[in-house]
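The values are calculated or read from the model by the stated rules, or taken from the named source; none is laboratory data. Please read these numbers as outputs of a predicted model, since none were measured by experiment. Reconstructed Cβ throughout: ideal geometry from the backbone, glycine too, with neighbour counts over all protein chains shown. In case anyone asks, the SASA skips ligands and DNA or RNA and just uses the protein heavy atoms, side chains included. Shrake-Rupley method; radii C 1.70, N 1.55, O 1.52, S 1.80 Å.
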Amino acid sequence: MYHIYTIKNKSEFSKTLVAETKDYDEALEKAEKAIAGKEGYNYVVEETDGSMNSYGELLTTVVAEG
């Protein structure tokens, strides 16, 4: 599963979930579309397999940034 987030001015506090998808190519398309025409915005695509840490937080890996 891929989670697509937008981030404004590279601030972790402005991280907003845009979409979730199972296909990597579709995730990149949605990420590019989410920031199209928005100045100062970047995207982050994170992959997860549903595993959680001891605190119950989802374990993710960043697979793309732009």
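Structure data summary
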quantity	calculated
Qualifying residue in region 33-45 (condition: touching a residue at least 40 places away in the same chain (Cβ under 8 Å) and in a strand (DSSP E or B))	yes
Flag for residue 52 being open to solvent by 90 Å² or more (accessible area, probe 1.4 Å) and of a type in the set (A, V, I, L, M, F, W, C)	yes
Odd one out for residue 50 among (1) part of a helix (DSSP H, G or I); (2) over 9 Å from residue 2 (Cα atoms)	(1)
Residue count for region 34-48, restricted to those that are open to solvent by 50 Å² or more (accessible area, probe 1.4 Å) and touching a strand residue (DSSP E or B) at 6+ places or on another chain (Cβ under 9 Å)	3
Boolean, residue 62 is among the β-branched types (Val, Ile, Thr), in a strand (DSSP E or B) and open to solvent by 70 Å² or more (accessible area, probe 1.4 Å)	yes
Answer residue from region 1-25, given it is free of Cβ contacts under 8 Å to residues at least 12 places away in the same chain and open to solvent by 70 Å² or more (accessible area, probe 1.4 Å) and is nearest to the chain's Cα centre (by Cα) among those	16
